[in-house]
Amino acid sequence: MDSSEKGFVSLVGAGPGDEGLITVRGGERLEQAEVVVYDYLANNNFLDMCRPECEKIYVGKRAGSHTLGQEEINRLLVEHARRGETVVRLKGGDPFIFGRGGEEALYLAQEGISFEVVPGVTAGSAAAAYAGIPVTHRGLSNGVTFVTGHGAVKGSEEQEQNWKNLAQSDHTLVVYMGVKNLPSIVEALLMHGRAADTPAAIISWGTTPGQRVVSASLETLAARAQAESISPPAIAVIGRVVELREKIRWFEELPLFGSRILVTRSSDDAKSLSVPLRALGAEVIELPSIKISPVENFSDIDAALRQISGYRWIVFTSPKGVAIFFSRLFSLGLDTRALAESKVACIGTGTASAPPPTGYALISFQSCLLPKAWPRPSRNGRASFWGSMCFFLYQKLPGILFQMPLHAWGPAAALYLSIR
């Protein structure tokens with residue numbers, strides 16, 4: 001990217017809605033951005049890729065409601081670029097397919113601002129694919145045409161002629177932004193010779209867990225869409241390829257499709273659960289209920305680490321505890337040889353599979369003690385660990401310690417808070 005005094009603008013296609021469909025380069029540009037100017041149709045989860053100090057400016061447009069006009073958006077991009085900032089203009093779908101990216105690129109060029117275009121996956125192909133409709137298919141359609149349905153019917157003679165040509169073509173027709181004008185579009189296609197029984201579908205919020213698909217004949221499509229309360233954003237697909245949907249629909253068949261799941265893990269840990277849930281079709285809402293940060297004073301832990309060889313057992317209750325333990329150990333000039341006389345126990349498989357410290361590949365917590373159930377106190381209230389020096393490193397008191405009184409571990413069980 002150009003790092004001149006005038007800054008730099010990346011026109012980035014965010015894809016059709018599924019956050020996994022943004023390109024690698026698009027993700028990289030978001031990570032580098034100082035300013036992100038984003039649209040209504042750009043998945044808000046993309047903003048999590050940005051640095052905390054990145055300025056995020058919403059300029060979304062919805063039917064009848066525009067946060068900023070196009071000319072104002074153009075000037076906004078130039079204004080920030082002239083401050084020497086790295087700007088990402090994040091647009092739903094592909095910037096150059098009904099995204100007005102060409103207008104923004106022209107304005108930037110006229111103003112002498114350096115820019116690039118990062119193409120995105122467009123809804124015309126992606127939403128259709130998620131609905132089980134290939135826009136081309138051998139023997140059914142050897143071509144596809146993308147058109148906008150926004151104000152494209154009741155217009156000039158040239159526009160009317162375009163609908164005549166589209167109606168008489170055997171290519172698949174994909175109509176963007178056509179919900180409001182769908183009755184007029186259907187009327188124009190039928191009037192110009194498209195068969196009334198042509199298979200058709202309309203797809204709302206394609207590629208997202210909120211995806212809805214209505215299939216019908218061309219003649220009945222508008223009425224069916226209205227009856228099902230289909231609303232923007234949506235695309236219509238018209239052509240014989242729609243027949244394949246009943247055989248190869250896949251997205252709506254995912255086991256968690258239609259489910260909404262709240263993940264309350266910390267921001268750092270949420271992705272490990274959110275990503276596989278989304279892969280199963282769920283709508284995942286990340287709402288961290290805790291924030292994890294290091295304790296302000298490590299003096300107690302450091303003092304214990306200097307005596308670590310005297311502990312028979314070292315007990316980890318979280319992967320973060322593992323990381324902090326070795327970070328502090330190494331900062332004191334010690335290494336894993338200090339653990340030679342100790343046994344290590346882990347609570348939970350996640351803790352047991354925590355990665356070993358860099359440079360110590362031979363250490364594997366997979367082989368640590370990971371009991372199916374922790375030892376219960378005997379009749380005299382003592383656990384089998386009684387009398388052993390036990391070093392507990394925890395981020396909050398684990399439930400297992402409430403189930404078994406601490407005194408059952410013996411007077412030498414020491415608890416150390418690693419993160420709060």
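The values are calculated or read from the model by the stated rules, or taken from the named source; none is laboratory data. What you see is a predicted model, and the numbers here were worked out from it, not measured in a lab. Note: ideal-geometry Cβ built from the backbone for every residue, glycine included; neighbour counts use all protein chains shown.
Tally time: how many residues in the stretch 80-119 are part of a strand (DSSP E or B) and not acidic (Asp, Glu)? Break it down into steps so the answer makes sense when it comes.
Initially, the stretch 80-119 is screened for residues part of a strand (DSSP E or B), giving 86-91, 93, 115-118.
When the remaining residues are screened for being not acidic (Asp, Glu), the result is 86-91, 93, 115, 117-118.
Residues that pass the stated criteria total 10.
Residue count for the stretch 90-116 satisfying the condition of being under 23 Å from the mean Cα position of the chain (by Cα) and under 15 Å from Leu30 (Cβ atoms): 4.
Quick check: is even one residue across the stretch 195-207 in a helix (DSSP H, G or I) and crowded, with 19+ Cβ neighbours inside 10 Å? Before the answer, list the steps.
Taking the stretch 195-207 first, the residues in a helix (DSSP H, G or I) are none.
Looking through the stretch 195-207, none of the residues is in a helix (DSSP H, G or I) and crowded, with 19+ Cβ neighbours inside 10 Å.
Considering only residues in the stretch 213-227 that are of a type in the set (A, V, I, L, M, F, W, C) and more than 31 Å from the chain's Cα centre (by Cα), the one that is surrounded by the fewest Cβ atoms within 10 Å (Cβ to Cβ) turns out to be Ala227.
So is Val237 of a type in the set (A, V, I, L, M), assigned to a strand (DSSP E or B) and within 28 Å of the chain's Cα centre (by Cα) or not?
Working: of a type in the set (A, V, I, L, M): yes; assigned to a strand (DSSP E or B): yes; within 28 Å of the chain's Cα centre (by Cα): yes.
Yes: the conditions hold for Val237.
Being touching a residue at least 40 places away in the same chain (Cβ under 8 Å), within 22 Å of Lys164 (Cβ to Cβ) and either in a helix (DSSP H, G or I) or not acidic (Asp, Glu) (or both): is that true of Ile230 here? Let's see the steps before the verdict.
Working: touching a residue at least 40 places away in the same chain (Cβ under 8 Å): yes; within 22 Å of Lys164 (Cβ to Cβ): no; either in a helix (DSSP H, G or I) or not acidic (Asp, Glu) (or both): yes.
It is false that Ile230 is touching a residue at least 40 places away in the same chain (Cβ under 8 Å), within 22 Å of Lys164 (Cβ to Cβ) and either in a helix (DSSP H, G or I) or not acidic (Asp, Glu) (or both).
Scan Val87, Val59, Val135, Val118 and give me the residue that is farther than 30 Å from His171 by Cα, in contact with a strand residue (DSSP E or B) (Cβ under 8 Å, 6 or more places away or on another chain) and in contact (Cβ under 8 Å) with a residue 60 or more places away in the chain.
Details: Val59 fails: in contact (Cβ under 8 Å) with a residue 60 or more places away in the chain; Val135 fails: farther than 30 Å from His171 by Cα; Val118 fails: farther than 30 Å from His171 by Cα.
Unique residue meeting the criteria: Val87.
Contact annotation: residue pairs with Cβ atoms under 9 Å, 6 or more positions apart or on different chains, pairing a residue in the stretch 104-115 that is within 15 Å of Ile73 (Cα to Cα) with a partner that is in a helix (DSSP H, G or I) and hydroxyl-bearing (Ser, Thr, Tyr), are Ile113/Tyr107.
Within the stretch 15-28, being outside any helix (DSSP H, G or I), buried (at least 18 other Cβ atoms within 10 Å of the Cβ) and in contact with a strand residue (DSSP E or B) (Cβ under 8 Å, 6 or more places away or on another chain) holds for Gly15, Pro16, Ile22.
None of Glu72, Glu79, Glu31 is within 29 Å of Gly149 (Cα to Cα), surrounded by fewer than 19 Cβ atoms within 10 Å (Cβ to Cβ) and at pLDDT 95 or above except Glu72. Among the numbered criteria (1) closer than 19 Å to Gly15 by Cα; (2) modelled with pLDDT under 95, which single criterion is violated by Ala128? All conditions are met except number (2). The set of residues in the stretch 153-189 that are at pLDDT below 90 and either surrounded by 21 or more Cβ atoms within 10 Å (Cβ to Cβ) or in a strand (DSSP E or B) (or both) contains only Trp163.
Scanning the stretch 208-219 for residues that are out of contact with any Phe, Trp or Tyr (no Cβ under 9 Å at 6 or more places or on another chain) and either outside any strand (DSSP E or B) or at pLDDT below 95 (or both) yields Gly210, Leu218, Glu219.
Name the strands (runs of 3 or more DSSP E) wholly within the stretch 244-353 that hold at least 3 residues that are farther than 30 Å from Tyr130 by Cα and in contact (Cβ under 8 Å) with a residue 40 or more places away in the chain? If you could, list the steps in order and put the result at the bottom.
Values: elements: 260-263, 283-286, 313-316, 343-346.
Of the strands (runs of 3 or more DSSP E) lying wholly inside the stretch 244-353, those with at least 3 residues that are farther than 30 Å from Tyr130 by Cα and in contact (Cβ under 8 Å) with a residue 40 or more places away in the chain span 313-316.
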